[in-house]
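Working notes, structure below.
The values are calculated or read from the model by the stated rules, or taken from the named source; none is laboratory data. Just so we're clear, the structure is a prediction, and the values are computed from it rather than from any experiment. No Cβ is skipped: glycine too gets one built from the backbone with ideal geometry, and neighbour counts run over all protein chains shown.
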Amino acid sequence: MKLQHLAIGDRFEYDGRIFVKTGPLTASSDQGGQQIIPRYAVLTPLDQPASGNKTAGRDRVNKAAVLAAFDRFYRTSERLCDAAAQAELAKARSEFLKIFE
């Protein structure tokens with residue numbers, strides 16, 4: 001398996017050491033420190049989910065947490081916008097909330 005096939009936070013073995021992917025080309029070693037992992041490197045994934053779709057659980061978000069964070073963002077934005085911009089902000093808010101209907 002190649003590094004680009006792993007998600008950030010996934011563990012893998014490379015060169016006899018255990019790493020955690022921390023970026024598109026970087027990983028943190030179990031012995032400490034960051035290392036660039038070459039694109040050609042063949043890795044052994046660790047802790048892979050039993051199902052074939054390893055990203056299924058990661059792509060899900062908590063709807064309540066997203067809405068609460070967005071509400072905090074909206075209230076702050078509304079406070080910082082002038083009156084002319086508030087109408088456009090409210091329209092953008094309603095468009096965003098439509099995805100949760």
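Can you name the residue in region 70-91 that is surrounded by 12 or more Cβ atoms within 10 Å (Cβ to Cβ) and small (Gly, Ala, Ser) and is also nearest to the chain's Cα centre (by Cα) among such residues?
Ser77
For region 1-19, how many residues are surrounded by 16 or more Cβ atoms within 10 Å (Cβ to Cβ) and not in a loop (DSSP other than H, G, I, E, B)?
Result for region 1-19: 5.
Does Ala64 satisfy being at pLDDT below 90, loosely packed, with under 11 Cβ neighbours inside 10 Å and not in a loop (DSSP other than H, G, I, E, B)?
Here the answer is yes, as Ala64 does meet what is asked.
Mind listing whichever residues of region 7-25 are hydroxyl-bearing (Ser, Thr, Tyr) and touching a Ser or Thr at 6+ places or on another chain (Cβ under 6 Å)?
Matches in region 7-25: Thr22 only.
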